[in-house]
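Right, one structure below, let's go through it.
The values are calculated or read from the model by the stated rules, or taken from the named source; none is laboratory data. As the structure is a prediction and not an experimental result, all values here were calculated from the model. For neighbour counting, all protein chains shown are included, and Cβ atoms are generated from backbone atoms with ideal geometry for every residue, glycine included. SASA here: full protein model, heavy atoms, side chains in, ligands and nucleic acids out. Shrake-Rupley method; radii C 1.70, N 1.55, O 1.52, S 1.80 Å.
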Amino acid sequence: MPLDPALRCSTVPLSNGLQIPVLGLGTSHAGGYSHDAIVYALTECGVRHIDTAKRYGCEEKLGQAVKESGIPRSELWLTNKLWPEEYGYTAAKKACLDSCSRMGVEYFDLYLMHWPDSLRPGCSNREVRAETWRALEELYKEGVCRSIGVSNFLIPHLEQLQEDCSVVPHVNQVEYHPFQQPNKLIDYCRHKGIVFEGYSPLAKGQVLSNPTVLQIAGKYKRTPAQICIRWSIQNGVVTIPKSTKKTRIQENCQAFGFQLEEADMLALGELHDGRHVSWDPTNVE
Ligand SMILES: NC(=O)c1ccc[n+]([C@@H]2O[C@H](COP(=O)([O-])OP(=O)(O)OC[C@H]3O[C@@H](n4cnc5c(N)ncnc54)[C@H](OP(=O)(O)O)[C@@H]3O)[C@@H](O)[C@H]2O)c1
């Protein structure tokens with residue numbers, strides 16, 4: 001299939017004026033890593049947005065893949081995440097610079113606090129989050145991170161951060177697929193100017209055999225994965241499906257150039273059953 005030019009120019013504006021590509025490529029450790037697939041995504045599919053994390057353990061390899069692709073750094077959107085073991089002001093600043101050096105880049109386009117729990121028994125999560133966020137605010141002001149955000153934060157976590165700190169997160173990255181639609185959180189984020197980014201858009205594959213998704217896929221002559229990705233995009237949600245297979249990456253990038261009708265959007269909207277396929281931050285204080 002030819003490259004879809006819409007992939008390159010479909011972006012969502014952040015509150016600081018940056019434009020995040022609405023479709024990116026996930027790289028989590030589950031299911032492994034494929035160097036060839038990343039290079040293929042960049043060179044053959046037009047992917048310009050890659051989501052990673054120190055936790056995924058592939059920063060060096062990704063850096064090599066980006067270099068091999070020959071795509072100029074300025075044309076890429078690279079998101080990385082800070083793991084709670086490195087929360088706290090000093091540790092967070094060092095962790096970000098170490099991640100940059102492992103990936104061989106000078107800056108990240110987006111740097112996220114990965115999880116709202118500090119994973120430190122006896123410590124106040126709220127205080128650790130605020131101290132860590134102050135480090136991210138500085139990294140932002142220094143230009144090491146062009147935007148900063150959080151991941152898996154719920155409304156109370158966001159409200160506390162706003163009381164304790166000055167920069168409102170540019171992005172909140174949260175699980176989002178037809179079975180998991182945190183619509184109150186999405187409304188809250190939009191009201192506060194925080195871009196909502198969805199992870200696990202295919203519910204790690206679980207949603208691809210759902211009868212409603214299959215029926216809609218048949219109607220549009222698209223695949224179930226394309227329907228789910230299109231649904232996220234039409235809902236204005238930045239989305240980062242992962243695949244280690246070239247053909248599937250190509251398939252997942254073909255989510256432009258067609259429009260789901262309102263009735264189909266509503267039918268997908270009704271599939272929410274509250275299940276999490278990743279982790280659930282509900283009980284994190
Ligand atoms: N912030 C967080 O806490 C957090 C948590 C989870 C995920 N994430 C991010 O979000 C990204 C995506 O989420 P995810 O990896 O959990 O799940 P996902 O993207 O919903 O699903 C990935 C799974 O679907 C399969 N797949 C991909 N495309 C397919 C297609 N077209 N047809 C059939 N199967 C397909 C993949 O297998 P193959 O590789 O075999 O194709 C893989 O098993 C992650 O990689 C990561 O970057 C962030």
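Residues that are among the basic types (Lys, Arg): which strands (runs of 3 or more DSSP E) entirely in the stretch 34-153 hold 1 or more of them?
Counting at least 1 such residues, we get 77-82.
Restrict the check to the stretch 235-243 and report whether at least one residue is surrounded by 19 or more Cβ atoms within 10 Å (Cβ to Cβ), more than 8 Å from the ligand (Cβ to nearest atom) and without any contact (Cβ under 8 Å) to a residue 60 or more places away in the chain.
No - not one qualifying residue is present in the stretch 235-243.
Take ILE216 and decide whether it is in contact (Cβ under 8 Å) with a residue 12 or more places away in the chain, open to solvent by less than 20 Å² (accessible area, probe 1.4 Å) and farther than 27 Å from LEU42 by Cβ.
Yes; evaluated as a whole, the condition is true for this residue.
Condition test on TYR199, is it within 13 Å of the ligand (Cβ to nearest atom), of a type in the set (Phe, Trp, Tyr) and in contact (Cβ under 8 Å) with a residue 12 or more places away in the chain?
Answer is yes for this residue.
From the list GLU127, GLU59, GLU75, which residue is crowded, with 20+ Cβ neighbours inside 10 Å, of a type in the set (Asp, Glu) and at pLDDT 95 or above?
Going through GLU127, GLU59, GLU75 in turn, just one is crowded, with 20+ Cβ neighbours inside 10 Å, of a type in the set (Asp, Glu) and at pLDDT 95 or above: GLU59.
Quick one: in the stretch 19-47, which of the residues that are away from the ligand (no atom under 14 Å from the Cβ) and open to solvent by 30 Å² or more (accessible area, probe 1.4 Å) is farthest from TYR111 (Cα to Cα)?
GLU44
I'd like the full set of residues that are within 30 Å of ARG275 (Cα to Cα), within 18 Å of the chain's Cα centre (by Cα) and of a type outside the set (Ser, Thr, Tyr), limited to the stretch 132-154.
Correct list: ILE148, GLY149, VAL150, ASN152, PHE153, LEU154.
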